[in-house]
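Shown next, in structure tokens, is the structure this report addresses.
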Amino acid sequence: MKQPVKILGFVGSLRKGSYNKALMRAAVKLAPEEATIEVFDLEGIPPFNQDLERQPPQTVKEFKAKIRKADAILIATPEYNYSVPGVLKNAIDWASRPYGDNAFEGKPVALMSASVGSLGGARAQYHLRQSFVFLNMHPLNHPEVMMPFAEDNVDAEGNVTNEQTKQRIRELLEALVQWTRRLKDKPR
Ligand SMILES: Cc1cc2nc3c(=O)[nH]c(=O)nc-3n(C[C@H](O)[C@H](O)[C@H](O)COP(=O)(O)O)c2cc1C
């Protein structure tokens, strides 16, 4: 039997009632049998300071180690001012440094976003995809999971209630598993 695909998830919102945390919780519940999802909390990662990139704080060391152990990455993020929240960009910047020690090198990655607006965080996803070029990650193109009008699609307990979104999450995870296996099997 094939080994399960190990997915590391993280969320670009620290907010307790975050709709993006709800997406990640849903992903953990909906993960296919051939995958496991561990979620890393970005709370506590300090602002990036390049003076410290060779002696990063313990949380960053742990984050980088978990990224390296993972077969694939799953990110759920809000859109802030038509772009990526600082919390998420900051964590990615830490994990990509120092130059030559990018923990994300060659990793498959899938994206989800939730927003109270009508586009569901699409612009944040496309900004992130630009960073994946320099990070040399392999983003999954389809399906796209964007949850607009998030307050209508998450209940008071933080569960995603929209069946269509849940189905898209299932499809995204299945596609991520296949994408990861395809990249691993590829002769180098
Ligand atoms: C600083 C800031 C900027 C925001 N900018 C956008 C935006 O550009 N587009 C959008 O759809 N929503 C924007 N929002 C609203 C977010 O969609 C909303 O706060 C959402 O709940 C954030 O995700 P979370 O629930 O996971 O924390 C912004 C919110 C904040 C706090």
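Just so you know, all these numbers are worked out from the coordinates, no wet-lab data involved. Note that the structure is a prediction, hence the values are computed from the model and not measured. Cβ placement follows ideal geometry from the backbone for every residue including glycine, while neighbour counts extend to all protein chains displayed.
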Within segment 24-83, which GluC sites (Glu not before Pro) sit in a loop by DSSP and count at most 12 neighbouring Cβ atoms inside 10 Å? E33, E43
Just how far, in whole angstrom, is segment 5-77 from segment 78-110 if you go by their alpha carbon centroids? 10
log10 of Debye I(q)/I(0), alpha-carbon scatterers only, for the chain at 0.16 Å⁻¹: -0.97
Checking the cross-link filter: which aspartates and glutamates have an alpha carbon closer than 16 Å to that of K2, excluding same-chain neighbours under 8 positions apart? E33, E34, D71, E174, D185
Non-local residues with an amide H under 5 Å from the amide H of A35, with H modelled 1.01 Å from N and Pro and chain starts lacking one, are V5
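Contact order normalised by length for the chain, with contacts defined as Cα pairs under 8 Å and 6 or more residues apart; what percent is it?
Normalised by residue count, the contact order of the chain is 25 percent.
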Of all DSSP beta bridges in segment 1-138, what percent run antiparallel (nearest 5)? 5
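With runs of 4+ DSSP H residues as the only contributors, calculate the mean residue ellipticity of the chain at 222 nm using -39,500 (n - 2.57) per run, divided by the residue total and rounded to the nearest 500. Present the calculation step by step, with values, prior to reporting the outcome.
On the way: 5 runs with 71 residues, N = 188.
Calculated mean residue ellipticity at 222 nm is -12000 deg cm²/dmol.
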A correct fewest-to-most ranking of T36, T59 by other Cβ atoms within 10 Å would be T36, T59
Mind checking which lysines have their C-alpha under 22 Å from K6, skipping anything on the same chain fewer than 8 residues away? K21, K29, K61, K64, K66, K69, K107, K166, K184, K186
Square roots of five times the C-alpha gyration tensor eigenvalues of segment 1-59, ordered largest first and given in whole Å, equal 28, 18, 6
Between L74 and residues 5 or more places away or on another chain, the pairs with built amide H atoms under 5 Å apart involve L8, G9, F10, A110
